[in-house]
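The values are calculated or read from the model by the stated rules, or taken from the named source; none is laboratory data. Small disclaimer: the values here were computed from a predicted structure and weren't measured. For neighbour counting, all protein chains shown are included, and Cβ atoms are generated from backbone atoms with ideal geometry for every residue, glycine included. Heads up: the accessible areas ignore ligands, DNA and RNA and are worked out on the full protein's heavy atoms, side chains in. Shrake-Rupley method; radii C 1.70, N 1.55, O 1.52, S 1.80 Å.
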Amino acid sequence: MSKTATSLRSRTAAILDRIYPEQDTHALAGKVIEAFWPPEATPARKLPRKAGNSLWSQRDAVMITYGDSIIDGVHKPLDLLLDFMLNHLQGAVNGVHILPFFPFTSDDGFAVTDYRKVNPALGEWQDINRISRHFHLMSDLVCNHVSSQGTWFNAYRQGQEPFDKFFFEADPADDLSDVVRPRTTPLLQEVETAMGIRHVWCTFSHDQIDLNFANPEVLLEILRIIRLHVDMGVRIIRLDAVAFVWKEVGTKCIHLPQTHAIIQLMRLLADYASEPVILLTETNVPKAENLSYFGKRNEAHSIYNFPLPPLILYSLLSGTAKYLAAWARAMPPAPLGCAYLNFSASHDGVGMRPAEGLLPDAEIARMIQTVQSSGGLVSMRALPDGGQSVYELNTSYFSAMTRTFEGEDEYKIARFVCSQTIVMSMEGVPAFYIHSLLATPNDLEGVERRSMNRAINRHRWDYPTLRARMADPGSEQARILPALAERLRLRARQPAFHPNATQFTLPLDARIFGVWRQALDRTQSIFALHNVSADTVEIPSSSLNLIADEAWVDLLSGERVEPETDTITLAPYQCRWITNAY
């Protein structure tokens, strides 16, 4: 056995010791390596990839979309998606997160029936692969649960090996009061099996049955699926709901040590992969819990910046960046070899758990009321004491900008563009939900038709209708998408916007959210300023610490800025990127 194989196997076994202490982890390590590197796969690297800043750059930006967000009733939706991106987003985004594109039974793809197939209503693997040749491709590893109607669970109910031990069971008599829940449905579901009555664990819904990672065969199967996706061109693996994968009765069943060890194992395999595989954890939880998934630079390459959506939304509705700035000031830079994923909107809505401790309860209530006044909805989660609390706001981000705490005004579009520019300006890789790029309004008809709050932000655009809107210069789509794409193309040329470039939160007027970004090689500084209010705000240029004897220009307006002499004016919701290198 080569030194490379020996090192990889020993490191794998060391992690497995913490997950499966009663197993022969040396033998299990061999099975793990074989699962991730079958004979037909590209061999492992001789040495693991070193932590650094080379896996991403300022040119990276991601669009988040369902495979059928654009349809026409004739062509395959995946082909339409590629056509849309090639025609409207070239040079603006270079990555695409296609939400679960597998066969499914519910939750818009997150109740998977077969991880190895592409939903035929969307297209085929060759269509996925074609997209990956033009854009960095992110796929979902729905690792916590599978569909109750899928092959695995049907085999479980029939007592077929190895699936008879693939799902987590519990006794209704167990004390499960501490279990953290993102939903209000009963945790356990009674099912008839060939082994008798069983009670299976359902963190999210009774159509989504939780896997039993205490069985190493489950882990091995998940690793084989990752390998398939990598072979099909996927380069970013989004670990959906990963915080819940390990369960122990009597605990909160979230963030357990074995969960972190499983992610560490995946990171080790990714670091040895010849392909540049990036792991992204989806953990919609408060700040400290979310940050824990960086580990010691040995877990996720990237984590979602979950506090951003509610904090940006609050800032634009209230007209003050006070809480956004306080949070940004206290956020650590991502560790070496890691990066944040910044976003304002997703397919799920605006998660409110990450706002806990960052926004006062009274201000959260004002924000909820304002969003509801613009047609938004609210989803709840169950609490251990039997009560409920707000889990997320369901709204399109564009519709959420309809009014502020003061009411409706003429600034909706400017306010929305400001919200997305903040995402572009901050440390990390920016990501944009397709319905933000397209200024899609709340789909209330979809909510009524599907009886699901989240349908409000999951509109399917008819492609001919969308193209007509894009051709109409007065439409919101024609005003928003080109404006955001232009800023993203401009951003891609600025080394100070590298995801790991220095960030310092500026102490400015509370109506201005400002950050200083400096390139890794210190060749460029950008002072990114965002007026989150409907007021015209003036600040002295001296407050930005502009270096004397250098020419400073606002990249967004082309205006020159003179250090120490000028007053910098920001119109309502105006953004400025003031730089010394252009």
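Okay, here's what the table says:
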{"item": "Elements of type strands (runs of 3 or more DSSP E) in the range 508-582, at least 1 residues being open to solvent by 40 Å² or more (accessible area, probe 1.4 Å) and in contact with a Leu (Cβ under 9 Å, 6 or more places away or on another chain)", "result": "512-518, 537-540"}
{"item": "Residues of the range 387-406 satisfying the condition of being touching a strand residue (DSSP E or B) at 6+ places or on another chain (Cβ under 6 Å), surrounded by fewer than 20 Cβ atoms within 10 Å (Cβ to Cβ) and either touching a residue at least 40 places away in the same chain (Cβ under 8 Å) or over 30 Å from Val179 (Cα atoms) (or both)", "result": "Gln388"}
{"item": "From the options Ala478, Ala492, residue that is surrounded by fewer than 19 Cβ atoms within 10 Å (Cβ to Cβ), under 30 Å from Gly375 (Cα atoms), of a type in the set (A, V, I, L, M, F, W, C) and at pLDDT 95 or above", "result": "Ala478"}
{"item": "Filtered residues of the range 348-386 (kept if open to solvent by 30 Å² or more (accessible area, probe 1.4 Å), modelled with pLDDT under 90 and over 21 Å from the mean Cα position of the chain (by Cα))", "result": "Leu383, Pro384, Asp385, Gly386"}
{"item": "Any chance Gly91 is in contact (Cβ under 8 Å) with a residue 60 or more places away in the chain and over 14 Å from Ile131 (Cα atoms)", "result": "yes"}
{"item": "Tally of residues being surrounded by fewer than 17 Cβ atoms within 10 Å (Cβ to Cβ) and within 23 Å of Ala345 (Cβ to Cβ) across the range 453-466", "result": "3"}
{"item": "Residue in the range 508-520 that is free of Cβ contacts under 8 Å to residues at least 24 places away in the same chain, over 21 Å from Arg415 (Cα atoms) and more than 26 Å from the chain's Cα centre (by Cα) present", "result": "no"}
{"item": "Options Ser399, Ser436, Ser374; residue that is small (Gly, Ala, Ser) and under 30 Å from Pro332 (Cβ atoms)", "result": "Ser436"}
{"item": "Cβ-Cβ under 6 Å pairs, at least 6 apart or on other chains, the range 447-473 side under 30 Å from Val390 (Cα atoms), far side open to solvent by less than 40 Å² (accessible area, probe 1.4 Å) and at pLDDT below 95", "result": "Asn453/Ser379"}
{"item": "When residues of the range 93-121 are limited to those that are outside any loop (DSSP other than H, G, I, E, B) and open to solvent by 30 Å² or more (accessible area, probe 1.4 Å), the one nearest to Ala483 (Cα to Cα)", "result": "Asp107"}
{"item": "Strands (runs of 3 or more DSSP E) enclosed by the range 133-212 - at least 1 residues per element that are under 23 Å from Leu228 (Cα atoms)", "result": "136-142, 145-147, 208-210"}
{"item": "Residue match in the range 329-346 (condition: outside any loop (DSSP other than H, G, I, E, B), of a type in the set (Gly, Ala, Ser), under 26 Å from Glu289 (Cβ atoms) and open to solvent by less than 10 Å² (accessible area, probe 1.4 Å))", "result": "yes"}
{"item": "Number of the condition not met by Tyr323 [criteria: (1) farther than 17 Å from Val429 by Cβ; (2) buried (at least 21 other Cβ atoms within 10 Å of the Cβ); (3) not aliphatic (A, V, I, L, M)]", "result": "(2)"}
{"item": "The lone exception for Ala485 - which of (1) among the hydrophobic types (A, V, I, L, M, F, W, C); (2) farther than 30 Å from Arg59 by Cβ; (3) at pLDDT 95 or above it fails", "result": "(2)"}
{"item": "Test: Ser147 is of a type in the set (S, T, N, Q) and open to solvent by less than 10 Å² (accessible area, probe 1.4 Å)", "result": "yes"}
